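A.B. asks: The following block contains the structure, expressed as structure tokens.
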Amino acid sequence: MVSLNPLATSEFKVDRVLVFDQPSWSPLYVKRTFSLAHALEAEMIAPDARVMYFELNGTVFVFQTLHLAFHHVVQGDFNGQPWMVSFCVVCNAGAAFNPLVNGMVYHFAGNAMYNAMTLLVDDETKSFWNHLTGECLHGTLKGAQLEGYGVLSPATAKEALETYPDAQLIFSQLNKRELIEAEADYRFAISEPKDAVLSDMLIKTLDAREDTRLPRLDMGLGVWTGETARYYPYTRLNVHNNALIDVIDGRRLVVYVDPVNANPGAFYTDAYRATWRGTDLNLGTGDMYRGGLLHTATGADAPERPKQMFVRWYAFAFTFPGCDIFAG
């Protein structure tokens, strides 16, 4: 059974933790959200702005990726339901959680690194938490587990609105210095493997049992189910004309690279082939995928997707030791 537990085969070593005692950024605590539709109309956010989103109790929350890159952690409350999201600019992945621990809301910051990934630290006990699994790895609360709301999915603001018309925007503002810093960090998050290099400080945080089947900073789509975790290298998707059909746990899966935003993604299908025609992904069944929606004879809706994240190889391999690699 696959579980989202990166340290299942490796003991946590606190001496490998890199802690930033005085980071120039801080977590963002938000009090309200804005209709994404109204925010776009009011030019609070550009249509082509890169965003990330997750869904909670039927409501989709949208975050400006640059602001996530700066704050690392954003935390808030919606209709009495607390939430917290984290994002790592090194591994290019993030997740959402319920920050309740033993009935109390805890407050988190992403001011540490472990295995070259953001490590969450709570204000209340200074315990260390895995930023993708929500597991407390060290400290007073060791063994505690945050309830997961899912990983963050990438899109543009326009695409998010088209797919989720009632989406809520988490709006914030960065000053000039903060924006410059966020842009520099985010450039690393999306840089090609040949252009990205981990610092010596980050390399020292890596487990010696790192999976070296692929280059450490390779980019790709990681997909996991209850039984299987599989990594699709971005370059191998390119070789397949940015669309392929795979089978995972007995179900066919379309794995693709969107021609508009260059983000990879995957959804379940009954189709046996998938071919891009401009910005339309033709499935050969009469169905067509475009801009986050699956268009069928009965209308358009968001397709059923497995759990997935656009991430660097080393991070996915640490999260799912021994995972599959799509071979083509």
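Each reported figure results from applying straightforward, stated rules to the coordinates on display, with no laboratory input. Quantities reported herein were computed from a predicted structural model and do not represent experimental measurements. So basically every Cβ, Gly included, is an ideal-geometry build from the backbone, and we count neighbours across all protein chains shown.
A.B. asks: In the neighborhood of residue 274, defined by Cβ-to-Cβ distances under 13 Å, what is the net charge if each Lys or Arg adds +1 and each Asp or Glu adds -1?
C.D. replies: Working: positive: 252, 273, 277, 290; negative: 246, 258, 270, 280, 287.
The answer is -1.
A.B. asks: Further, regarding this structure: Antiparallel DSSP bridges in the stretch 219-325: what percent, to the nearest 5?
C.D. replies: Working: 33 of 35 bridges.
Restricted to the stretch 219-325, the bridges split so that about 95 percent are antiparallel.
A.B. asks: Could you pull the Rg and Dmax for the stretch 74-127, using just the Cα atoms, both in Å?
C.D. replies: Here Rg and the maximum Cα pair distance are 11.7, 35 Å.
A.B. asks: Hey, for a label at residue 125 modelled as a point 7 Å past Cα toward Cβ, could you say which residues of the stretch 78-102 have their backbone N under 11 Å away?
C.D. replies: Only 101-102 fall inside the zone, counting backbone N under 11 Å.
A.B. asks: With r defined as the distance between the Cβ atoms of residue 203 and residue 296 and R0 fixed at 41 Å, what FRET efficiency is calculated, to the nearest 0.05? Numbers along the way, then the final one.
C.D. replies: On the way: r = 48 Å, r/R0 = 1.17.
It comes out at approximately 0.30.
A.B. asks: Jot down the radius of gyration and Dmax of the stretch 204-293, Cα atoms only, both in angstrom.
C.D. replies: 14.8, 52
A.B. asks: For every helix of n ≥ 4 consecutive DSSP H residues, a contribution of -39,500 (n - 2.57) applies; sum these over the chain, divide by its total residues, and give [θ] at 222 nm rounded to the nearest 500 deg cm²/dmol. Before the final figure, lay out each step's value.
C.D. replies: Numbers: 7 runs with 52 residues, N = 328.
The per-residue figure over the chain is -4000 deg cm²/dmol.
A.B. asks: Next question. With both partners inside the stretch 12-140, how many of the DSSP beta bridges are antiparallel, as a percent to the nearest 5?
C.D. replies: On the way: 31 of 33 bridges.
Taking every DSSP beta bridge with both residues in the stretch 12-140, the antiparallel ones total about 95 percent.
A.B. asks: Given 10 Å bins starting at zero, what is the percent of C-alpha pairs of the stretch 57-196 in each, up to the one with the largest pair distance?
C.D. replies: Per 10 Å bin, starting at zero, the Cα-Cα P(r) for the stretch 57-196 comes out as 11, 40, 35, 13, 1 percent.
A.B. asks: In whole percent, what relative contact order does the chain give with Cα contacts below 8 Å and a gap of six or more residues?
C.D. replies: Numbers: 693 pairs, mean separation 63.8, N = 328.
The normalised contact order for the chain reaches 19 percent.
A.B. asks: Hey, another quick one. What fraction of the DSSP beta bridges in the chain is antiparallel, stated in percent and rounded to the nearest 5? Don't skip to the answer; put the middle values down first.
C.D. replies: Numbers: 75 of 82 bridges.
For the chain, the DSSP antiparallel bridge percentage is about 90.
A.B. asks: Sticking with this one: Can you give me the Cα centroid spacing of the stretch 150-207 and the stretch 80-103 in angstrom?
C.D. replies: For the stretch 150-207 versus the stretch 80-103, the Cα centre distance is 15 Å.
A.B. asks: Quick one: if the Förster radius is 30 Å, what FRET efficiency do residue 305 and residue 192 give, using the C-beta to C-beta distance and rounding to 0.05? Walk me through the numbers before you get to the answer.
C.D. replies: Working: r = 25 Å, r/R0 = 0.85.
Between residue 305 and residue 192 the formula returns 0.75.
A.B. asks: Using only alpha carbons, build the gyration tensor for the stretch 1-135 and give me the equivalent ellipsoid semi-axes, biggest first, whole Å.
C.D. replies: On the way: eigenvalues 145, 56, 45 Å².
Equivalent ellipsoid semi-axes, largest first: 27, 17, 15 Å.
A.B. asks: Shifting gears a bit: Cβ under 15 Å from residue 140's Cβ, residue 140 left aside: what net charge do those residues give with Lys, Arg +1 and Asp, Glu -1? Write down the numbers at each step before the final one.
C.D. replies: On the way: positive: 126, 142; negative: 122, 123, 124, 135.
Net charge around residue 140: -2.
A.B. asks: In addition: If you average the sequence gap of Cα pairs under 8 Å that are 6 or more apart and divide by the length of the stretch 14-189, what percent do you get for the contact order? Walk me through the intermediate numbers first.
C.D. replies: Details: 367 pairs, mean separation 52.6, N = 176.
Averaging sequence separation for qualifying contacts and normalising by length gives 30 percent for the stretch 14-189.
A.B. asks: Between residue 173 and residue 59, how high is the FRET efficiency from 1/(1 + (r/R0)^6) when r is the Cβ-Cβ distance and R₀ = 22 Å? Nearest 0.05. Walk me through the intermediate numbers first.
C.D. replies: On the way: r = 23 Å, r/R0 = 1.03.
FRET efficiency, residue 173 to residue 59: 0.45.
A.B. asks: For the charge dipole of the stretch 219-325, defined by +1 on Lys and Arg C-beta atoms and -1 on Asp and Glu C-beta atoms about the Cα centroid, which residue among 316, 245, 283 has the Cα displaced farthest towards the positive pole?
C.D. replies: 316
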